[in-house]
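A.B. asks: Please see the structure below; I have some questions.
The values are calculated or read from the model by the stated rules, or taken from the named source; none is laboratory data. These numbers were taken from a predicted model, which means no experiment stands behind them. Every residue, glycine as well, gets a Cβ built from its backbone with ideal geometry; the counts of neighbours run over all protein chains shown. Side chains included, ligands, DNA and RNA excluded: accessible areas come from the protein's heavy atoms. Shrake-Rupley method; radii C 1.70, N 1.55, O 1.52, S 1.80 Å.
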Amino acid sequence: MLKKILCAAVGSAIAVCAYAESNVTLYGVLDTAVTVTKHKNQSAKVMMDDGIYGGNRFGFKGTEDLGNGYSVGFILEQGFQLSTGAEGSEGKAFNRESLLQVTSDWGQLAFGRAGGLSSDNGTYTILRGSALWTSYYTDGCVAGAFITTDRYDNLVVYRSPEFGGATVTAMYSNGTGSDDQKWAKNSHYYGLGLDYSKNDTGFSAMWEMLDNKGMDAQSTQLFTIGGSQGFGNLTVHAGYQFALHSQYLPAWISLPDPVVDGGMGLESRKGVTQNAFTASIGYQIWGGEWKLQGNYAFGKYKATNEKYNIWSVGTAYEYPFSKRTMVYSYAGYGQANKMLKESSDFNSWTLTFGINHTF
């Protein structure tokens, strides 16, 4: 009888240990390049640059199985400059992501810091429709036309289980930078999106809002759709975005600060309204992938009623030496007109050659 009791106790202990099994993984990206770039009204520069294909980072992630379909996980990810060793964001130990996650049959709930739905950053972004993503230069990548969101603090995220290849993700930030004031004075972020991926087809649609309470400005709303379709060695991408009352231009360039009657004009609080388009292809050739992309945006700045348009084209070739090491080359050209015709941020060309290694 005693032997049976001991066996049962040992069996129960083994079962508990199995449920409590956890794992922790160290991972990272090292990316560096040599770049030649020329901006309007500036001299051409030759420089070493970082994070062109993918941002430099190291991180830790892990999960613990709690049993009955439940698990708890975490992601802690820090960005840095490879050429100098400097931290990605001053004062943040894990500036890219800092998340605690609870997963079950009903989906995943996460808390912490992460990128918004259209940010092209981290675990919960669902941005689609581009071959050249936001790490590449803005004179050719989607960030030169779309007003993408950023990483935000104080996030609560819910991602649904997959239904026929589709998932729904909802986000809320109680304070995009801080939430130590009363609710009416903290700046909040809201996001709701649908993502679909099956075989060679991908599509996403999302609505995002920044209420800009900390800026005393009208709420920014972003409506973004994008998708891709594979045809053997060829993949076609396309996307569209409508931005209402954005307080930033593409690539998170700050708007001008107009002075009307000795102070900030009421119209400046409305920011810009913009339409943006992107289309691109990726073609598997010579063991790598060649990419070509065009981007176009036009908008109006309500403070001065000035209009602008931006266009750019970029191309890249990415060749994997192994599963973890890749070399790439990139060329981009961008031009802006009307209100932005003298802007060095949108009138430029770039040539770059780099190497990317993951671990």
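A.B. asks: Please state which one of Ala143, Ala131 is open to solvent by less than 30 Å² (accessible area, probe 1.4 Å), within 20 Å of Gly354 (Cβ to Cβ) and in contact with a helix residue (DSSP H, G or I) (Cβ under 7 Å, 6 or more places away or on another chain). Working first, answer last.
C.D. replies: On the way: Ala131 fails: in contact with a helix residue (DSSP H, G or I) (Cβ under 7 Å, 6 or more places away or on another chain).
Among Ala143, Ala131, only Ala143 is open to solvent by less than 30 Å² (accessible area, probe 1.4 Å), within 20 Å of Gly354 (Cβ to Cβ) and in contact with a helix residue (DSSP H, G or I) (Cβ under 7 Å, 6 or more places away or on another chain).
A.B. asks: Can you say whether Ser119 is closer than 23 Å to Thr224 by Cβ, open to solvent by less than 40 Å² (accessible area, probe 1.4 Å) and in a loop (DSSP other than H, G, I, E, B), as far as the supplied structure shows?
C.D. replies: Working: closer than 23 Å to Thr224 by Cβ: yes; open to solvent by less than 40 Å² (accessible area, probe 1.4 Å): yes; in a loop (DSSP other than H, G, I, E, B): yes.
Here the answer is yes, as Ser119 does meet what is asked.
A.B. asks: Do you know which residues across segment 272-323 are modelled with pLDDT under 95 and among the small types (Gly, Ala, Ser)?
C.D. replies: Answer for segment 272-323, where residues must be modelled with pLDDT under 95 and among the small types (Gly, Ala, Ser): just Ala303.
A.B. asks: Looking at segment 146-166, which of the residues that are among the aliphatic types (A, V, I, L, M) and assigned to a strand (DSSP E or B) is most open to solvent (accessible area, probe 1.4 Å)? Steps first, please.
C.D. replies: Step one: filter segment 146-166 for residues among the aliphatic types (A, V, I, L, M), giving 147, 155-157, 166.
Narrowing the set further to residues that are assigned to a strand (DSSP E or B) leaves 155-157, 166.
Numbers: Leu155: 4, Val156: 60, Val157: 1, Ala166: 22 Å².
The residue in question is Val156.
A.B. asks: Out of segment 336-359, which residues are crowded, with 18+ Cβ neighbours inside 10 Å and either touching a Cys at 6+ places or on another chain (Cβ under 9 Å) or without any contact (Cβ under 8 Å) to a residue 40 or more places away in the chain (or both)?
C.D. replies: Within segment 336-359, Ala336, Met339 qualify.
A.B. asks: Taking segment 292-322, which residues are under 19 Å from Gly282 (Cα atoms) and in a loop (DSSP other than H, G, I, E, B)?
C.D. replies: Initially, segment 292-322 is screened for residues under 19 Å from Gly282 (Cα atoms), giving 292-296, 312-321.
Residue satisfying the conditions is Phe321 alone.
A.B. asks: What pairs come out if I take residues in segment 159-179 that are free of Cβ contacts under 8 Å to residues at least 24 places away in the same chain and of a type in the set (Phe, Trp, Tyr) and pair them with residues that are open to solvent by less than 20 Å² (accessible area, probe 1.4 Å) and not in a strand (DSSP E or B) whose C-beta lies under 8 Å away, six or more apart or interchain?
C.D. replies: Pairs that qualify, where the first residue is free of Cβ contacts under 8 Å to residues at least 24 places away in the same chain and of a type in the set (Phe, Trp, Tyr) and the partner is open to solvent by less than 20 Å² (accessible area, probe 1.4 Å) and not in a strand (DSSP E or B), are Tyr172/His188.
A.B. asks: Identify, by number, the condition in (1) touching a residue at least 12 places away in the same chain (Cβ under 8 Å); (2) charged (D, E, K, R); (3) surrounded by fewer than 20 Cβ atoms within 10 Å (Cβ to Cβ) that Glu90 doesn't meet.
C.D. replies: (1) is the only condition that Glu90 fails.
A.B. asks: Further question: For segment 97-108, does any single residue satisfy the condition of being outside any strand (DSSP E or B), buried (at least 22 other Cβ atoms within 10 Å of the Cβ) and of a type outside the set (Ser, Thr, Tyr)? Walk me through how you get there before you give the answer.
C.D. replies: Filtering segment 97-108 down to residues outside any strand (DSSP E or B) leaves 105-106.
In the following step, the residues that additionally are buried (at least 22 other Cβ atoms within 10 Å of the Cβ) were identified as none.
For segment 97-108, residues outside any strand (DSSP E or B), buried (at least 22 other Cβ atoms within 10 Å of the Cβ) and of a type outside the set (Ser, Thr, Tyr): absent.
A.B. asks: From Thr63, Thr84, Thr35, which residue is modelled with pLDDT of 95 or more and open to solvent by 50 Å² or more (accessible area, probe 1.4 Å)?
C.D. replies: Thr63 is the lone residue from the list that is modelled with pLDDT of 95 or more and open to solvent by 50 Å² or more (accessible area, probe 1.4 Å).
A.B. asks: I need a count of the residues in segment 290-319 that are closer than 15 Å to Asn347 by Cα, among the polar types (S, T, N, Q) and open to solvent by 10 Å² or more (accessible area, probe 1.4 Å).
C.D. replies: Of the residues in segment 290-319, 1 are closer than 15 Å to Asn347 by Cα, among the polar types (S, T, N, Q) and open to solvent by 10 Å² or more (accessible area, probe 1.4 Å).
A.B. asks: Determine if segment 208-220 includes at least one residue that is touching a residue at least 24 places away in the same chain (Cβ under 8 Å) and within 23 Å of Glu77 (Cα to Cα).
C.D. replies: No; the residues of segment 208-220 include none that is touching a residue at least 24 places away in the same chain (Cβ under 8 Å) and within 23 Å of Glu77 (Cα to Cα).
A.B. asks: Filter segment 252-262 down to the residues that are in a loop (DSSP other than H, G, I, E, B) and open to solvent by less than 50 Å² (accessible area, probe 1.4 Å), then identify the one that is modelled with the highest pLDDT.
C.D. replies: Top of the filtered list is Leu255.
A.B. asks: Continuing with this model, one more query. Tell me, yes or no, whether segment 92-112 has at least one residue that is within 23 Å of Thr148 (Cβ to Cβ) and modelled with pLDDT under 95.
C.D. replies: yes
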